[in-house]
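Engineer: What follows is a single structure, and I will ask about it in a moment.
The values are calculated or read from the model by the stated rules, or taken from the named source; none is laboratory data. Nothing here was measured: the structure is a model prediction, and the numbers come from that model. Glycine gets a Cβ as well: all are built from the backbone with ideal geometry, and neighbour counts include every protein chain shown. Ligands, DNA and RNA are excluded from the accessible area calculation, which covers all protein heavy atoms including side chains. Shrake-Rupley method; radii C 1.70, N 1.55, O 1.52, S 1.80 Å.
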Amino acid sequence: MYRYDDFDRTFVAERARQFRGQVARRLEGGLTEEQFKPLRLQNGLYLQLHAYMLRVAIPYGVLSARQLSQLAMIARTWDRSFGHFTTRQNIQFNWTKLEDAPAIIDALADVEMHAIQTSGNCIRNVTADPYAGVAADEIEDPRVWAEVLRQWSSIHPEFTFLPRKFKVAITGAAEDRAAILFHDIGLKIVKGPEGETGFRVYVGGGQGRTPYVGLEIATFLPRDRLLSYLEAIMRVYNLHGRRDNIYKARIKILVNALGLDEFRRQVEAEWATLDRPSIDLPAEEFTRIAAYFKPALLKAASAKDADLDARRHSDTAFDRWVRNNVVTHRQPGYKIVNISLKEPGKIPGDASADQMDAVADLARRFGHDEIRVTYQQNLVLPTVASRDLAAVYDGLVAAGLATANTELITDIIACPGLDYCNLANARAIPIAQEIARKFADPVVVQSIGPLRLNISGCINACGHHHAGNIGILGVDKKGTEHYQITLGGSPKDDAAIGDIVGPSFTAEHVPGAIETIVATYFELRRDSAETFLVAYRRLGKAPFRDALYGTGAKPAATAALENADV
Amino acid sequence: MPNVVTANNLRSGAVVYLGSAGRWVDHLIEAAIASDAPALKALETEALRAVESTEVTAVYAMDVAVIAGRPEPTSVRERIRAAHAPTV
Ligand code: HEM
Ligand code: SF4
């Protein structure tokens, strides 16, 4: 992985020193809250309901074992011994104190981490395919470009005060595992006519109050032109983005107001005026950064493993875990291991300090020292030898991390909601817990098949509810928490925004409504190979709406209707 | 509706309420209740002083229901804040 050079180290240390001074001045009264707030936000420090929250950047979701152990140490020393992994592949500490923040920032700097640009109207932490570098369907490792973008966008003087936050996601694989179509800019590494690699560029995707699926602005951008092209996009946005209205300030609004063709015309006109050689990445620099991401030299290993097969045969829980959480690695004899942070009844995305240490330890022993964070709020060991799967599994069982539900209905994505968040309308975590409890039987969950369920506590959509196959949005109705359900969203290559199925439900009726939706799918699917999303696209929302609100509705749903504010 | 004044402790971020004699307290039950506009104004003036002396931040007045002489939160959000903990 990337290692800081002297420049990076000096820069991060200098920022930590500045921040320490800013906090000291705030505590002594030299800075007012108005003066201090933008400074703390530039360092990822928010004030939430109960405490300060620190959002730490995990560049493109990549962590070393040492870094994860340090996060565990921070959780123990300055928080309540846990952290929350987020849909932006970051980690948030929910219980920090302002007076401790400088020490935490120093502890992060010790392991080449920071919280810079995790908030504010700047280019935020770039997110990427969590299987980068190891995926079987990958054209080129996107981490190299993600690191290039990190360096390009870090305190870029022109893009530090944008109209609004700006999020970039990148993948180098055939399958989109980074939700690139829901980002301000989505980048997909593709092959050009001569077999050379370049970028397909999408712009104007996003969630929040006005969700949009990104539009293709460039079909094939030569790779050595990436930075100048992005700079052109940023300049057009910086100039014309709506600074007068926070709800219209994201690039998606500009792209849709101008229309894609006009937006593209303006970007290309701007691009033509730029001094590209001074902006674009020199080939030597690419080579220098790429060297950090050289694939580990893996010993050849047999793809067949008799011990593994025997264990799968005799241990159904292990077999289920292998089936759901373990995926193909580009090298035979090795596997990608998904670690679920979604044990039913627990808080989605939370990991205790002990669990972080356990994962770090497994990464050291069996995982080439690497961990990834996914936007589904889970962890990944990207490279594990097939023969070590059983040992990794046993370690995960001991740490309470062996839930076998990757991409299944209990792999719920949920934001902190009203239990922590200052902007929330409604709680998200207890809804996730109740739904997961309803679907606690792994056999039932398996038979439902792939199903994304997402919950956000308000329209900001931090829990990606718009992109969930089933989405749940917390709304406030005359002081009570209500939940609106959407169906048919997708965060993948077939990206779609879910349709609102009908009037909202009170909290106690949400789990029953989800059961009704799943039961309807079960009844109407062609066969078990037809996933929820495919069935929904064939059937439309009518049968689900009827089941939830219609006369023939099941008891739970009828009660829900009575409680719904039509 | 009666009001109390709440804020977050500047150093720790913890939820606090303005009690009697300008003291900031952890528990809503100890908060000073303002039942009319002049009383609320007095609490807010007091709170502003605490902002200036860097004791608290994010000050605001909130509605409470007074039940048997005790202030009770009237929203889920304020119930969660008053508990100093998530509900999960
Ligand atoms: C301190 C708590 C948080 C605050 C104040 C906050 C604030 C916001 C706001 C205001 C938006 C809407 C942006 C817009 O529409 O322009 C947003 C979007 C978003 N946030 Fe958060 N958020 C918080 C926590 C989180 C967490 C915990 C996650 C991950 C679980 C997250 C991930 C996202 C994502 C993915 C989006 C939607 C994508 C987009 O920008 O369109 N945020 N957040
Ligand atoms: S979606 Fe709303 S409630 Fe959830 S974290 Fe984002 S801002 Fe808070």
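Engineer: Within segment A:90-123, how many residues are touching a Phe, Trp or Tyr at 6+ places or on another chain (Cβ under 6 Å) and on the phi > 0 side of the Ramachandran plot?
Structural biologist: Result for segment A:90-123: 1.
Engineer: Being in contact (Cβ under 8 Å) with a residue 40 or more places away in the chain and within 13 Å of chain B (Cβ to nearest Cβ) is the filter here; which residues of segment A:66-103 pass it?
Structural biologist: Of everything in segment A:66-103, those that are in contact (Cβ under 8 Å) with a residue 40 or more places away in the chain and within 13 Å of chain B (Cβ to nearest Cβ) turn out to be A:PHE82, A:HIS84, A:PHE93, A:ASN94, A:TRP95, A:THR96, A:LYS97, A:LEU98, A:GLU99, A:ALA101, A:PRO102.
Engineer: Something else now. Quick one: which of A:ARG164, A:ARG243, A:ARG250, A:ARG209 is in contact with a Pro (Cβ under 6 Å, 6 or more places away or on another chain), in the same structural domain as A:LEU281 (by TED's automatic domain parsing) and within 16 Å of ligand 1 (Cβ to nearest atom)?
Structural biologist: Only one candidate qualifies: A:ARG243.
Engineer: Right, another one. Got a sec? Which of A:GLU284, A:GLU268 is touching a residue at least 12 places away in the same chain (Cβ under 8 Å), open to solvent by 70 Å² or more (accessible area, probe 1.4 Å) and part of a helix (DSSP H, G or I)? First the steps, then the outcome.
Structural biologist: Values: A:GLU284 fails: touching a residue at least 12 places away in the same chain (Cβ under 8 Å).
Being touching a residue at least 12 places away in the same chain (Cβ under 8 Å), open to solvent by 70 Å² or more (accessible area, probe 1.4 Å) and part of a helix (DSSP H, G or I) holds for just one of A:GLU284, A:GLU268, which is A:GLU268.
Engineer: If you take the residues of segment A:453-481 that are within 14 Å of another protein chain (Cβ to nearest Cβ) and within 14 Å of ligand 2 (Cβ to nearest atom), which of them is nearest to A:ASN405 (Cα to Cα)? Walk me through it before giving the result.
Structural biologist: Within segment A:453-481, the subset within 14 Å of another protein chain (Cβ to nearest Cβ) is A:455, A:457-458, A:474-481.
Next cut, within 14 Å of ligand 2 (Cβ to nearest atom) only: A:455, A:457-458, A:474-476, A:481.
Values: A:ILE455: 17, A:GLY457: 23, A:CYS458: 26, A:GLY474: 24, A:VAL475: 28, A:ASP476: 31, A:GLU481: 28 Å.
Looking at the filtered set, the residue picked out is A:ILE455.
Engineer: Continuing with this model, one more query. Determine which member of the set A:ILE155, A:ILE139, A:ILE105 is open to solvent by 10 Å² or more (accessible area, probe 1.4 Å), over 24 Å from A:GLY186 (Cα atoms) and not assigned by TED's automatic domain parsing to the domain that holds A:ALA385. Explain how you work it out, then say what you get.
Structural biologist: Numbers: A:ILE155 fails: over 24 Å from A:GLY186 (Cα atoms); A:ILE139 fails: over 24 Å from A:GLY186 (Cα atoms).
The conditions single out A:ILE105.
Engineer: For residues that are within 14 Å of chain B (Cβ to nearest Cβ), of a type outside the set (Asp, Glu) and either in contact with an Asp or Glu (Cβ under 7 Å, 6 or more places away or on another chain) or within 13 Å of ligand 2 (Cβ to nearest atom) (or both), tally how many sit in segment A:384-429.
Structural biologist: Here is the first cut: in segment A:384-429, the ones within 14 Å of chain B (Cβ to nearest Cβ) are A:412, A:414-429.
Filter once more, so that each one left must be of a type outside the set (Asp, Glu): A:412, A:414-418, A:420-429.
Applying the additional criterion that residues be either in contact with an Asp or Glu (Cβ under 7 Å, 6 or more places away or on another chain) or within 13 Å of ligand 2 (Cβ to nearest atom) (or both) yields A:414-418, A:420-429.
Matching residues across segment A:384-429 total 15.
Engineer: Take segment B:50-71 and flag every residue that is out of contact with any strand residue (DSSP E or B) (no Cβ under 7 Å at 6 or more places or on another chain) and hydroxyl-bearing (Ser, Thr, Tyr).
Structural biologist: Kept after step one, since they are out of contact with any strand residue (DSSP E or B) (no Cβ under 7 Å at 6 or more places or on another chain), are these residues of segment B:50-71: B:52-54, B:66-70.
Listed by number, the residues that qualify are B:SER53, B:THR54.
Engineer: Same structure, new question: List, please: which pairs have Cβ atoms under 8 Å, are six or more places apart or on different chains, and start with a residue in segment A:403-420 that is under 21 Å from A:TYR483 (Cβ atoms) and end with one that is of a type in the set (Asp, Glu) and more than 8 Å from ligand 2 (Cβ to nearest atom)?
Structural biologist: From segment A:403-420, the pairs are A:LEU418/A:GLU481.
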